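Asker: Just passing along the structure, written as structure tokens.
We did not get these values from a lab; they are worked out from the coordinates using the rules stated. These numbers were taken from a predicted model, which means no experiment stands behind them. Cβ: placed from backbone, ideal geometry, glycine included. Neighbour counts: every protein chain shown.
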Amino acid sequence: MSTLPSASRVPPSPLTDRDVQDDVIRFLTDADLRVQASCGELFTQADSERAGRFSRFLARRYYRDRLYRGFRYSAALVPESHRADQIVDEPRFDSVLAECDLGSLCTAQAVGGMAVASLKPVRQDLWWRELLEYERAFFIQLAVSEPEARCAFPQKGRSTLVGAFSFRIPELLESLRSREASSESFQGKIALLFSRTPHGKIYVAELDRAMRSILESIDGASTVDDIAQSVGISPEEARHSLSRLAEFGAVVMPTADH
């Protein structure tokens, strides 16, 4: 009777073109792989260094584009040298590149925080900091491209944010478009939801108290019934609201196999 060869004797399967492509992409977007200065048997040491330089080029280009789109209102109000997208060329941005996971929430938060810190001192308008916080939240939706994790309970989307503002941001933005912003005209509390669908569509919507309470009740370990009980509504109402939030990418509902 013939026997199967031992595992140690089975030759490795040859890499397909797709395997090679996936390895290159992982190397260029994953800081841990770059720190190891190798990507399996794909790169030589010299090629690894070249790939590292190329990954930094890609990251600068990626975040420059997202900063340009995310901070477009403030860009019209400051000198070109102070625009948010200019920080990618500054030496301090190297610290981000050293640990960059392209498209990750962690990196987006670091880049967005750096942009806000750079822009805060430029103007003293009462609404200026809130405008920057609005743009930071919008930038994060643009910059995060990580897939959502499979879940057994309702959970917030990876990039979902709720911002509480003391200026009516939609009216402020409309005024900035017409270059007529006033420091006092738009005072008034508002809560805004920032979210992104798996297909990359971004939503910014005003949240009423009921929807905000539902979002605040989502902890990744509570069922729909738990959330309903916490908010004080029926399970049917909770399920309808969660489904609506899921359409905006603000909530990820349990997968079918759970």
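Asker: Order of Glu135, Glu148 from fewest to most other C-beta atoms within 10 Å? Before the final figure, lay out the partial values.
Answerer: Details: Glu135 24, Glu148 14.
The fewest-first ordering by Cβ neighbours comes to Glu148, Glu135.
Asker: Over the stretch 148-258, what is the relative contact order in whole percent, taking alpha-carbon pairs under 8 Å and six or more residues apart? It would help to have the intermediate numbers written out before the result.
Answerer: Details: 174 pairs, mean separation 42.1, N = 111.
Reported as a whole number, the value is 38 percent.
Asker: By counting other Cβ atoms within 10 Å of each Cβ, how are His82, His199, His240 ranked from fewest to most?
Answerer: His199, His240, His82
Asker: Hey, another quick one. Each label point is 7 Å from the Cα along the Cα-to-Cβ direction; what then is the distance between the points at Glu236 and Arg209, in nm?
Answerer: 2.5 nm
Asker: Which ordering of Lys189, Lys120 is given by a fewest-first count of other beta-carbon atoms within 10 Å?
Answerer: Numbers: Lys189 9, Lys120 12.
Ordered from fewest to most neighbouring Cβ atoms within 10 Å, Lys189, Lys120 come out as Lys189, Lys120.
Asker: Under 1.5 on a/c is rounded, so check that first for the stretch 63-161, then, if it is not, pick prolate when a/b is larger than b/c and oblate when it is not; a ≥ b ≥ c are the square roots of the alpha carbon gyration tensor eigenvalues.
Answerer: oblate
Asker: What list of ³J(HN,Hα) values in whole Hz, one per residue of the stretch 61-72 in order, does the Karplus curve 6.51 cos²θ - 1.76 cosθ + 1.60 (θ = phi - 60°) give from phi, with Gly and Pro shown as x?
Answerer: 5, 4, 6, 4, 4, 5, 5, 4, 7, x, 10, 6
Asker: Then there's this: Take the Cα of Asp219, step 7 Å along the line toward its Cβ, and report every residue of the stretch 183-213 whose backbone nitrogen sits under 18 Å from that point.
Answerer: Within reach of a label on Asp219, which here means backbone N under 18 Å from a point 7 Å along Cα→Cβ, the stretch 183-213 contributes 212-213.
Asker: What lysines does Lys201 reach when the alpha-carbon gap must be under 22 Å and sequence neighbours fewer than 8 apart in one chain are set aside?
Answerer: Output for Lys201: Lys156.
Asker: Same structure again: Give, as a single signed number, the net charge of other residues whose beta carbon lies under 15 Å from the beta carbon of Phe248, with Lys and Arg counted +1 and Asp and Glu -1. Each step should come with its number before you reach the end.
Answerer: Details: positive: Lys156, Arg158, Arg196, Lys201, Arg212, Arg244; negative: Glu148, Glu206, Asp208, Glu247.
My count for the surroundings of Phe248 gives +2.
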